[in-house]
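The next block holds one structure in the form of structure tokens; read it before the comments.
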Amino acid sequence: MRKIGIACCLLLALTLTACGKKETPEANNGGGTTGGGTTTANAEAIVKQNCTSCHGVNLEGGGGPKLTAVGAKYSKDQIAGIITNGKGAMPSFKGKLSDTDVNTVADWLAAKK
């Protein structure tokens, strides 16, 4: 049963990776932090486009792990490394997300403690 679940997660990740966009238009609307609003909006848009199918709309998990308190477990740099290189069943987003997008999402997730 566990093998079937892992196979389904891998298939879902591969399917989503093939359908993912390099960058979202929302992610390129300035990139700076203005009271946290722009960066937060950028991070949320990037996550919505690329991550919610596995990690859930509210980061509650599902096919992938829960991310609601991921910042308590990993640093920003560790999170950026996982996004860039993948980990376990999670695919690499290297070449799919820009370095700026990866850092924006990693910073946003690292604050979730």
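The values are calculated or read from the model by the stated rules, or taken from the named source; none is laboratory data. Please read all numbers here as calculations on a predicted model, not as lab measurements. Note: ideal-geometry Cβ built from the backbone for every residue, glycine included; neighbour counts use all protein chains shown.
Candidates in the stretch 23-64 are the residues that are among the charged types (D, E, K, R), at pLDDT 95 or above and within 15 Å of Val105 (Cβ to Cβ); of these, the one that is surrounded by the most Cβ atoms within 10 Å (Cβ to Cβ) is Glu44. The residues in the stretch 54-113 that are under 10 Å from the mean Cα position of the chain (by Cα) and among the aliphatic types (A, V, I, L, M) can be counted, and the count is 12. Could you look through the stretch 69-107, keep only residues that are within 17 Å of Ile46 (Cβ to Cβ) and of a type in the set (Ser, Thr, Tyr), and pick out the one that is surrounded by the most Cβ atoms within 10 Å (Cβ to Cβ)? Top of the filtered list is Thr104. Can you tell me which residue is nearest to Ala106 (Cα to Cα) among those in the stretch 65-93 that are β-branched (Val, Ile, Thr) and outside any loop (DSSP other than H, G, I, E, B)? Filtering first and then ranking leaves Ile79. The test for being among the small types (Gly, Ala, Ser), loosely packed, with under 15 Cβ neighbours inside 10 Å and either modelled with pLDDT under 55 or touching a helix residue (DSSP H, G or I) at 6+ places or on another chain (Cβ under 6 Å) (or both) does not hold for Gly20. The residues in the stretch 90-109 that are of a type in the set (A, V, I, L, M) and over 15 Å from Leu67 (Cα atoms) can be counted, and the count is 2. Looking across the stretch 56-82, just one residue is in contact (Cβ under 8 Å) with a residue 40 or more places away in the chain and touching a strand residue (DSSP E or B) at 6+ places or on another chain (Cβ under 8 Å), and that is Gly64.
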